[in-house]
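Chemist: Pasting a structure here, questions to come.
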Amino acid sequence: MKLLKIIAAASLVLSMSTVSLSADVVKGQKLFVKKLKDKCGMTGDKFAAKHSMDEWEEIMENGEFMDEIKRICPSVQDGDVKESWIPHIYDFSYEYANDSGNVPSC
């Protein structure tokens, strides 16, 4: 019975997990390099360094991540970035934010 409760609790926690658990930093980096690097006119490390981790988090939580991509990269148009890419590009941006101490290889 105790094992059943643990399994039920674990299932509940997993079902309530945020999108970032299914997002991927490496996939975000690849998407940035392939789809945004030329349009942005900058490397991924410069893009991610536009904000701190807290700032990226706030932008994402406010639903303004796509708007911020277009602000940083004015040549990016609606439809250039698929909705399904946003969690990955966000994870990449968060991971390599200006206060993260991490440096991407792109």
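Every number here is computed from the coordinates shown, using simple stated rules; none is lab data. Worth saying up front: this structure is predicted, and the values here are computed from it rather than measured. All Cβ positions, even for glycine, are placed from backbone atoms using ideal geometry, and neighbour counts span all protein chains on display.
Chemist: By how many nm would the segment from SER52 to MET1 grow when fully extended, if each residue of separation counts as 0.36 nm and the alpha-carbon distance is taken off?
Modeler: Separation in residues times 0.36 nm, less the Cα-Cα distance, equals 13.8 nm.
Chemist: Pop a pseudo-label 7 angstrom from the Cα along the beta-carbon direction at both ASP67 and GLU83 and give the gap in nm to one decimal.
Modeler: Those two pseudo-labels are separated by 1.8 nm.
Chemist: Give me a comma-separated list of calculated 3J(HN,Hα) values for region 51-61, in order, Karplus coefficients 6.51, -1.76, 1.60 applied at θ = phi - 60°, integers in Hz, x for any Gly or Pro.
Modeler: So the Karplus estimates, Gly and Pro as x, are 9, 7, 4, 4, 5, 4, 4, 5, 4, 5, 4 Hz.
Chemist: Starting with the highest mean, order 55-68, 28-41 by the number of other Cβ atoms within 10 Å, averaged over the residues of each peptide. Each step should come with its number before you reach the end.
Modeler: On the way: 55-68: 15.3, 28-41: 17.9.
Top of the packing list down: 28-41, 55-68.
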